[in-house]
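Comments concern the structure below.
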Amino acid sequence: MNITKEMREITDLISEYLKDELLPIVGECDIKGESPELIYKGLMEMGVHLFEVPEKYGGNMMDRKMEVLVAETLGYYDAGIASAIGASNSACSTINLFGTEKQKKEYFEILAKSKLAAFCLTEPNAGSDSASIRTTATLQGEEYVLNGTKCFITNGGIAGVYTVFASTDLQKGLKGISAFYVERDRIGVKIGKHEDKMGIRLSNTTEVVFDDCRIPKDHLIGEEGKGFIYAMKTLDTSRPFVGALGVGLAQRAIDEAIEYGKERKQFGKSVLTNQGLQFILAEMQIKVESARQLIYYTAERMDNNEDYTIFSAMSKVAGSDCAMEVSTNALQLFGGYGYMKEYPIEKMMRDAKILQIYEGTNQIQKMIISNIMLKR
């Protein structure tokens, strides 16, 4: 993938900001499980949450190549913040792909006020099994009335607007799911349980409850019964972002291990003079670069309007598995110190795990990949 000077300038700007402003406080925020408001505000001022928003709506829409570079940069510094930005862009993607001009204008105006969006699909009994969605949207005159609970929603407690998937006909299963957008300040929107997570603790994750929440009929995105298709298409576009986030995390883990290894002395020499450890480092970098190039290739296919579903799924698996394996091996290179919060590597390992779970588990991705293979 050709990375232009302009692309590098954008990622360098983000990198500089996070290095100067986030790294000094990231450990404390992780311990407290806080989403650093000022950091998010700074990133939103750069427009990183507007990559799915066309310029005519005040956005900063960029191609997929740029998006994965930004994801990689964000992931390098903190997977939680990267996840929050990615989730917001996913929510925007649904409205951008399937919304009307009026809907886009209303939705994106909220984001232009330095607000994030949230993608509300998962429910307590409907994770990978979307057909089990029990949140309902009942048409009453010129309004839909929403009732139900969404869980594990990234940005749930801080979003200004939600992309919500609810059933307009429970009897139809997947074909009864429809998509809507709901403003945070609507009566009947409530924030439920705030999740105390193992990792990505700088992201806000909550339940979002809809209790007789009334929205105008024209808040239906696209057609009734097409919501599941819209959700899958949205996730299709967002999975390379998750993979790239994982690559960024993994690269940071390697860099931290090298920095530590150069300072760590055993028998009068740096531990990195040990050939066995050098082999481990080399294997980690091979995995990172392999995942990175697959993700870049997928982004190029997306920009060229070529079929990319199988590559999107592979990118998510490759990047997230890479993050988990590399952060684990990097921690091993730290020895006992890697297990201590004095060093950032234990946080990276905790952060990495969720990448294999959210946006469709890696097992689901492998089912998608194999199903496409078997249809050839």
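May I ask you to verify whether residue 268 is in contact with a helix residue (DSSP H, G or I) (Cβ under 6 Å, 6 or more places away or on another chain) and either loosely packed, with under 14 Cβ neighbours inside 10 Å or not polar (S, T, N, Q) (or both)?
The answer is no for residue 268.
Taking the condition under 17 Å from the mean Cα position of the chain (by Cα), under 28 Å from residue 361 (Cα atoms) and at pLDDT 95 or above, does residue 294 pass?
no
Across the stretch 1-25, what is the number of residues that are assigned to a helix (DSSP H, G or I) and touching a residue at least 60 places away in the same chain (Cβ under 8 Å)?
The qualifying residues number 6.
State whether the residues of the stretch 324-332 include one that is over 17 Å from residue 259 (Cβ atoms), part of a helix (DSSP H, G or I), out of contact with any Leu (no Cβ under 9 Å at 6 or more places or on another chain) and at pLDDT 95 or above.
The initial filter retains those residues of the stretch 324-332 that are over 17 Å from residue 259 (Cβ atoms), namely 324-325, 328.
Still in the list and also part of a helix (DSSP H, G or I): 324-325, 328.
Right, trim to out of contact with any Leu (no Cβ under 9 Å at 6 or more places or on another chain) and you get 325, 328.
Then drop every residue that is not at pLDDT 95 or above, which leaves 325, 328.
Within the stretch 324-332 (the criterion being over 17 Å from residue 259 (Cβ atoms), part of a helix (DSSP H, G or I), out of contact with any Leu (no Cβ under 9 Å at 6 or more places or on another chain) and at pLDDT 95 or above), the answer is yes, since at least one residue qualifies.
Name the single residue, out of those in the stretch 148-201 being of a type in the set (Ser, Thr, Tyr) and in contact with a helix residue (DSSP H, G or I) (Cβ under 9 Å, 6 or more places away or on another chain), that is nearest to residue 29 (Cα to Cα).
Result: 154.
Could you list, in sequence order, all residues of the stretch 103-114 that are closer than 17 Å to residue 157 by Cα and buried (at least 19 other Cβ atoms within 10 Å of the Cβ)? Let's see the steps before the verdict.
Start the filter on the stretch 103-114 by keeping residues that are closer than 17 Å to residue 157 by Cα, which leaves 110-111, 113-114.
Selection gives 111 alone.
Which members of the stretch 40-56 meet the condition of being without any contact (Cβ under 8 Å) to a residue 60 or more places away in the chain and buried (at least 19 other Cβ atoms within 10 Å of the Cβ)?
43, 48, 51, 52, 53
Quick one: in the stretch 85-102, of everything that is touching a helix residue (DSSP H, G or I) at 6+ places or on another chain (Cβ under 6 Å) and in contact (Cβ under 8 Å) with a residue 60 or more places away in the chain, which residue is surrounded by the fewest Cβ atoms within 10 Å (Cβ to Cβ)? Give the steps one after another, and end with the answer.
First, the residues of the stretch 85-102 that are touching a helix residue (DSSP H, G or I) at 6+ places or on another chain (Cβ under 6 Å): 85-86, 88, 90, 93-95, 98.
From the residues that got through so far, the ones that are in contact (Cβ under 8 Å) with a residue 60 or more places away in the chain too are 86, 88, 90, 93-95, 98.
Values: 86: 30, 88: 30, 90: 25, 93: 24, 94: 30, 95: 25, 98: 18.
Residue satisfying both the conditions and the ranking: 98.
For the stretch 144-183, enumerate the residues that are among the acidic types (Asp, Glu) and more than 17 Å from residue 134 (Cα to Cα).
Scanning the stretch 144-183 gives a single hit, 183.
Please count how many residues of the stretch 224-234 are in contact (Cβ under 8 Å) with a residue 40 or more places away in the chain and surrounded by fewer than 24 Cβ atoms within 10 Å (Cβ to Cβ).
Residues flagged as in contact (Cβ under 8 Å) with a residue 40 or more places away in the chain and surrounded by fewer than 24 Cβ atoms within 10 Å (Cβ to Cβ) within the stretch 224-234 amount to 7.
Look through 255, 218, 212 and report the one residue that is surrounded by fewer than 19 Cβ atoms within 10 Å (Cβ to Cβ) and within 23 Å of the chain's Cα centre (by Cα).
Every option except 255 fails the conditions.
Filter the stretch 106-147 down to residues that are assigned to a strand (DSSP E or B), small (Gly, Ala, Ser) and under 19 Å from residue 232 (Cα atoms) and give me whichever is farthest from the chain's Cα centre (by Cα).
Restricting attention to the stretch 106-147, the residues satisfying the condition of being assigned to a strand (DSSP E or B) are 117-120, 123, 126, 136-140, 143-147.
Next, from what is left, pick out any that are small (Gly, Ala, Ser): 117-118, 126, 137.
Filter again for under 19 Å from residue 232 (Cα atoms), leaving 117-118, 126.
Working: 117: 12, 118: 11, 126: 19 Å.
Filtering the stretch 106-147 for residues that are assigned to a strand (DSSP E or B), small (Gly, Ala, Ser) and under 19 Å from residue 232 (Cα atoms), the one farthest from the chain's Cα centre (by Cα) comes out as 126.
For residue 185, are the conditions met, namely being of a type outside the set (Gly, Ala, Ser), assigned to a loop (DSSP other than H, G, I, E, B) and modelled with pLDDT of 95 or more?
Working: of a type outside the set (Gly, Ala, Ser): yes; assigned to a loop (DSSP other than H, G, I, E, B): yes; modelled with pLDDT of 95 or more: yes.
Yes; evaluated as a whole, the condition is true for this residue.
The values are calculated or read from the model by the stated rules, or taken from the named source; none is laboratory data. Bear in mind the structure is a predicted one, so any value in this text is a computation, not a measurement. Here the Cβ is made from the backbone with ideal geometry for all residues, glycine too, and neighbour counts use every protein chain on show.
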